Amino acid sequence: MPSPRRPDPVPLKAGSKTLAVAYPRRAPGTRSPHWSWRMAFKHPATGGREFRELGRLSSDDVVQTLVDAYRKVDPSAIKEDGSHIKTVGDLLRAWFYWQEQRGPESSARPENQIAERTLIAYRTCARQILDLGEEIPLRNLSKQDLLSLRDRMAEVYAPRTVNANIKALRQAVLWGQERGVQVPTLNWRTLRLRVNGYTNRHRTPTHEEVAKVYGSMRRCGLKLSLFIAWKTGARIGEVSDLTWADIWEDADGAWVTLTGKTGSRRFPLTTGEVREIRSYQSEGARDEDRLFSRHNYKNASGQLVESCKLRGVEPFTMHGLRRLMTDTCLRRGVDIGCYAVLLGHSPAEALKAYRQPTVDDLRGALVKIRSKAQEGILPFLARRGLTEEEAIALLGNVLEGAEEVEGTELRVLKGSSRAGGA
C-alpha cells in the first residue's frame, strides 16, 4: 500500500512577516486518518526556535488550530490593530501575555514591573472568566452580557472572587480599548456584588475625619493598620504583609518597605510615626514576625466602615486613605514623579485614576498661572517661620478686619511692608 502524500507546510503570516509554520510530522496511523502536525516558531521573548505539538488534524482544521496555538504564545503579535481580538477569550489572553512581560523576572523598567503574586492573581481571574465567558463577542458587548457572566460566576465562586474577576475583566477591556480593540463603553460599577452587607465606598475622607476615628479607637491591630495606611497611602494588602524588619532606619532617616502589585518600594516616615508603630511591638517579637495576623485583616475595610459609623463619621475604606494620600501629595506640591515612586504608580496612572480636583484647586491653578512671583512665595514664608496654613490664617484675619493682631503676626506684616517698599 503506497504511503500517503505528505501535505505542504502551512505558514501563519502577519503582513510580510511569518510568525509560525505548521509542519506535518507523522503520517496517518491505524487510529486516525489524519496527519500529526507540529508548530515551529521563533519565541518573541528569547528569540530561540521552539516547537508545539498540534496533534492530529484534518486539512480543514490546520489553519485555525495554528492561529489558536500561536495566540497563546504571543496574542498581541497577530494584529496590532486588535482586529483579531474578537472575543473575551482573545482579549484576556492578549492582556495576560502583556502582563507577563511586566513580571518580576522581565526586562521591563522597575516602575513598570508587577509582583509575582499579582501576576498569579491575574492568571487566576483570567482562567475563571475563560471557563464561563470565553466566547462572548467584544464588538457588541452589552451590560446584559456582563450581568449574565457575573451571575454564572456567582453560582460557582464567592462574591469577593466574582468582584475580583469583574475588576480584572474591566482592566483588560480598558487595555484593549487603548490599543484599538472595538469594545463599547460600559458602566462597570453596577456589576459589583454586595459583600458582607456593604459595598466599597468611593469616598476620600479628610485628615480631620481620620484623626477622629483613629483617636477614639482602642489599641488593636485595626487601629495600627489604619495608622500605617493613613501615613503612607499603602494598599491594605501591602499593610497586612508587613514584618517588623520592614520598619527600619538608616543614615538618611526612617523608612517602611512596602511590597505590593508593583513590586517593593520604600516610604519615608517621621521619628514620631516610627515610635507610634513600634509601640505596638510586643516583647520578644522577631524581625521576621508579621505586624498582623493575616486572617484578621481580610475584611479590614469592612471593620473600618463599622468603626466610622460608631463614631458618627461618614464611612470610608482603607483605599480611601490611599486616595487621601494622593490628593495630599499633589495639593501640597509633591512632584508627580516623586509621588508615583512613593505610591507605587506610574505618573499617568496617578493622574488618571486618583486625582480629584476641587473648585479650590482650579482657582489655585489660576493664581499660579497668572502670578509671576509664585515661585518666591514659599521661600518668603519659610524665612519668616510660617507655613502656608499659618499664612492663610493670618491673611484671613487681616482681610476680615480682625480688631486685634497678635504681636508675631504684626511683626510679619511689618516685615512684609518693608520688603514691598524696598
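For the range 127-141, 3J(HN,Hα) computed residue by residue from phi via the Karplus equation (6.51, -1.76, 1.60; θ = phi - 60°) reads 5, 5, 5, 4, 4, 10, x, 4, 8, 5, x, 8, 4, 10, 4 Hz, glycine and proline entered as x. Using the Karplus relation 6.51 cos²θ - 1.76 cosθ + 1.60 with θ = phi - 60°, the per-residue 3J(HN,Hα) values for the range 147-160 come to 5, 5, 5, 4, 5, 5, 5, 5, 6, 10, 10, 5, x, 4 Hz, with x marking Gly and Pro. Taking amide H as placed 1.01 Å from N in the peptide plane, THR317 has its amide H under 5 Å from the amide H of ARG201, ARG203, each at least 5 places away in sequence or on another chain. The order of SER293, SER301, SER32, going from fewest to most other C-beta atoms within 10 Å of their C-beta, is SER293, SER32, SER301.
The peptide list 230-238, 283-291, put in order of mean Cβ contacts within 10 Å with the highest first, becomes 230-238, 283-291. Close amide H partners of THR87, meaning residues 5 or more places away or on another chain with modelled amide H under 5 Å apart, are LEU138.
The 3J(HN,Hα) values that the Karplus relation (6.51, -1.76, 1.60; θ = phi - 60°) gives for the range 52-66 are, in residue order, 9, 6, 9, x, 7, 9, 6, 4, 6, 9, 5, 4, 5, 5, 5 Hz. Gly and Pro appear as x.
The calculated Kirkwood hydrodynamic radius for the range 207-353 is 15.9 Å, given to one decimal from all distinct C-alpha pairs. About its Cα centre, the range 88-191 has a charge dipole of approximately 300 debye under the convention of +1 per Lys or Arg Cβ and -1 per Asp or Glu Cβ, with nothing else charged. Projecting label points 7 angstrom from Cα along Cα→Cβ for THR190 and LEU395 puts them 4.6 nm apart. Could you pull out which residues in the range 174-189 have an amide N less than 17 Å from a spot 7 Å beyond the Cα of ASN140, following the Cα-Cβ vector? Under cut-off, by backbone N: 182-185.
Between LEU362 and LYS309, full extension at 0.36 nm per residue minus the direct alpha carbon distance yields a gain of 15.9 nm.
Taken together, the values in this text are just the output of simple stated rules run on the coordinates, not laboratory data. This one's a predicted model, so the numbers in the text were calculated from it and none came from an experiment. Please note: Cβ atoms are built from the backbone with ideal geometry, for glycine as well, and neighbour counts cover all protein chains shown.
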